[in-house]
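See below for the structure under consideration.
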Amino acid sequence: MLKIGQLSLESGVSIKTIRYYEELGLIQSPERTEGKFRLFTPDTVHRLLFVKRLQSLGLSLHEIRECLVIHDHGELPCGDIQEKLIIAILGAMRYNGKQIDK
């Protein structure tokens, strides 16, 4: 189990952002110790990295939340979400290609 500071270090996401993501439901509200410290599972690091990757592709936090809800139910993303992801990935690839050409 990781305290929020450890989670921040391992994921590269600020403590403030982790709390914000928790409020939005992007990550689960963790257990708390008797001293009221949040304790996150190691899987939360992967989830935060996934959120940051999707953000870098241009998805909004609302769209990311939709993806995570679908994922958490063990389903594949619906056509609408898949289309958004493909468009975002292609856009990022085009952008990176232009950056490399310069």
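The values are calculated or read from the model by the stated rules, or taken from the named source; none is laboratory data. Here the structure is a predicted model, which means the values were calculated and not measured. Cβ placement follows ideal geometry from the backbone for every residue including glycine, while neighbour counts extend to all protein chains displayed. The accessibility values were calculated without ligands, DNA or RNA, using every heavy atom of the protein model including side chains. Shrake-Rupley method; radii C 1.70, N 1.55, O 1.52, S 1.80 Å.
Out of LYS36, LYS52, one residue alone is among the basic types (Lys, Arg) and assigned to a loop (DSSP other than H, G, I, E, B). It is LYS36. Within the range 19-36, the set of residues being farther than 15 Å from VAL69 by Cβ and open to solvent by 100 Å² or more (accessible area, probe 1.4 Å) comprises ARG19, TYR20, GLU23, GLU31, ARG32, GLU34, LYS36.
Restricted to the range 70-84, and to residues that are in a helix (DSSP H, G or I) and surrounded by 12 or more Cβ atoms within 10 Å (Cβ to Cβ), which residue is modelled with the lowest pLDDT?
Step one: list which residues in the range 70-84 are in a helix (DSSP H, G or I), which gives 70-72, 79-84.
Now restrict to residues that are surrounded by 12 or more Cβ atoms within 10 Å (Cβ to Cβ): 70-71, 81-82, 84.
Working: ILE70: 81, HIS71: 81, ILE81: 71, GLN82: 74, LYS84: 76.
Step by step, filter the range 70-84, then rank; the result is ILE81.
Taking ILE89, is it more than 15 Å from GLU10 (Cβ to Cβ), free of Cβ contacts under 8 Å to residues at least 24 places away in the same chain, outside any loop (DSSP other than H, G, I, E, B) and β-branched (Val, Ile, Thr)?
Numbers: more than 15 Å from GLU10 (Cβ to Cβ): yes; free of Cβ contacts under 8 Å to residues at least 24 places away in the same chain: no; outside any loop (DSSP other than H, G, I, E, B): yes; β-branched (Val, Ile, Thr): yes.
When the stated conditions are applied, ILE89 does not pass them.
In the range 27-55, the qualifying residues are those that are of a type in the set (Val, Ile, Thr) and free of Cβ contacts under 8 Å to residues at least 40 places away in the same chain, and the one that is nearest to ALA92 (Cα to Cα) is VAL51.
Quick one: in the range 56-69, of everything that is of a type in the set (A, V, I, L, M), under 20 Å from ASP43 (Cβ atoms) and open to solvent by 30 Å² or more (accessible area, probe 1.4 Å), which residue is nearest to the chain's Cα centre (by Cα)? Per the criteria, the residue is LEU61.
When the range 1-22 is filtered for residues that are in a helix (DSSP H, G or I) and among the basic types (Lys, Arg), the ones remaining, listed by number, are LYS16, ARG19.
Scanning the range 40-56 for residues that are at pLDDT below 90 and among the hydrophobic types (A, V, I, L, M, F, W, C) yields a single hit, LEU54.
In contact with a strand residue (DSSP E or B) (Cβ under 6 Å, 6 or more places away or on another chain), of a type in the set (A, V, I, L, M, F, W, C) and surrounded by fewer than 18 Cβ atoms within 10 Å (Cβ to Cβ): which single residue out of LEU7, LEU39 fits that description? If you could, list the steps in order and put the result at the bottom.
Numbers: LEU7 fails: surrounded by fewer than 18 Cβ atoms within 10 Å (Cβ to Cβ).
Exactly one of LEU7, LEU39 is in contact with a strand residue (DSSP E or B) (Cβ under 6 Å, 6 or more places away or on another chain), of a type in the set (A, V, I, L, M, F, W, C) and surrounded by fewer than 18 Cβ atoms within 10 Å (Cβ to Cβ), namely LEU39.
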